[in-house]
1. Looking only at helices (runs of 4 or more DSSP H) that lie completely in the range 1-95, which have at least 3 residues being within 25 Å of Lys125 (Cβ to Cβ) and in contact with a Phe, Trp or Tyr (Cβ under 9 Å, 6 or more places away or on another chain)?
2. Would you pick out the residues in the range 11-29 that are of a type in the set (D, E, K, R), within 17 Å of the chain's Cα centre (by Cα) and surrounded by fewer than 18 Cβ atoms within 10 Å (Cβ to Cβ)?
3. Residues Ala72, Ala131: which one is in contact with a helix residue (DSSP H, G or I) (Cβ under 7 Å, 6 or more places away or on another chain) and not polar (S, T, N, Q)?
4. Name the single residue that is farthest from Asn67 (Cα to Cα) among those in the range 124-146 being exposed (fewer than 15 other Cβ atoms within 10 Å of the Cβ) and free of Cβ contacts under 8 Å to residues at least 40 places away in the same chain.
5. Quick one: would you say Glu110 is in contact with a helix residue (DSSP H, G or I) (Cβ under 7 Å, 6 or more places away or on another chain) and of a type outside the set (A, V, I, L, M, F, W, C)?
6. Based on what the data block shows, is Arg61 farther than 20 Å from Ala140 by Cα and either modelled with pLDDT of 95 or more or touching a strand residue (DSSP E or B) at 6+ places or on another chain (Cβ under 7 Å) (or both)?
7. As an exercise: evaluate Ala69 against (1) crowded, with 19+ Cβ neighbours inside 10 Å; (2) touching an Asp or Glu at 6+ places or on another chain (Cβ under 8 Å) and give the number of the one condition it does not meet.
8. Any idea which residue in the range 77-102 is nearest to Ala49 (Cα to Cα), counting only those that are hydroxyl-bearing (Ser, Thr, Tyr) and in contact with a Cys (Cβ under 9 Å, 6 or more places away or on another chain)?
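The values are calculated or read from the model by the stated rules, or taken from the named source; none is laboratory data. Note that this is a predicted model, so its numbers are computed, not measured. Note: ideal-geometry Cβ built from the backbone for every residue, glycine included; neighbour counts use all protein chains shown.
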Amino acid sequence: MTFKELSAKRYSVRKYKDTPVDRETLNAVLEAGRAAPTAGNRQPQRILAVTGKEGLEKLDRCTRSRNGAPAALIVCYDKNECWVRPFDNASSGEVDASIVATAMMFQAVELGLGTLWVMHFDPAKLVEEFAVPENLVPAALLILGYAADDAVPADRHAQRHPLDKLVSWGKW
């Protein structure tokens, strides 16, 4: 499958089968995150893999967006490990975590999993429920599992702005 085909196939899955995701498949997804580029190759990403009943129940107290998926990856960044842009002291943490989550999302889809990138979560509750260390900042949840047979993309999934609205060449 080409990247273009993979990108077109991916959609936000909001209904999952009960089938667990095996450790080998999750490790392949996590390896894609490990290989993802980060600013200065600082690799500040820290990921908590959640698959057990207790962990998933904790996650449900932090977000309503798990949709019955049997696995989730809590993507954080270590604020002490991020590259910092010297001009304005901007941290690379959110960007690095997003790149890592995106790499894992596409790897999961290539392996036959459905995914949902979730930003709709209570970060303070997540920190409390999972005893997230003080130096880690939760950036995103990657919900994953096998899509239910009747799972379909949202109506808005295929709506894309024309390229000329999104891209300018040489000047605004």
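1. Result: 53-60.
2. Going residue by residue through the range 11-29, those that are of a type in the set (D, E, K, R) are 14-15, 17-18, 22-24.
Still in the list and also within 17 Å of the chain's Cα centre (by Cα): 14-15.
Of everything in the range 11-29, just one residue is of a type in the set (D, E, K, R), within 17 Å of the chain's Cα centre (by Cα) and surrounded by fewer than 18 Cβ atoms within 10 Å (Cβ to Cβ), namely Lys15.
3. Details: Ala131 fails: in contact with a helix residue (DSSP H, G or I) (Cβ under 7 Å, 6 or more places away or on another chain).
Checking each option against the conditions leaves just Ala72.
4. Only one residue fits best here, namely Glu134.
5. Values: in contact with a helix residue (DSSP H, G or I) (Cβ under 7 Å, 6 or more places away or on another chain): yes; of a type outside the set (A, V, I, L, M, F, W, C): yes.
Considered against the rule, which asks whether it is in contact with a helix residue (DSSP H, G or I) (Cβ under 7 Å, 6 or more places away or on another chain) and of a type outside the set (A, V, I, L, M, F, W, C), Glu110 comes out as yes.
6. Working: farther than 20 Å from Ala140 by Cα: no; either modelled with pLDDT of 95 or more or touching a strand residue (DSSP E or B) at 6+ places or on another chain (Cβ under 7 Å) (or both): yes.
Criteria not met by Arg61.
7. Exception for Ala69: condition (2).
8. Residues of the range 77-102 hydroxyl-bearing (Ser, Thr, Tyr): 77, 91-92, 98, 102.
Okay, now just the ones that are also in contact with a Cys (Cβ under 9 Å, 6 or more places away or on another chain), so 91-92.
Values: Ser91: 24, Ser92: 22 Å.
Only one residue tops the list, namely Ser92.
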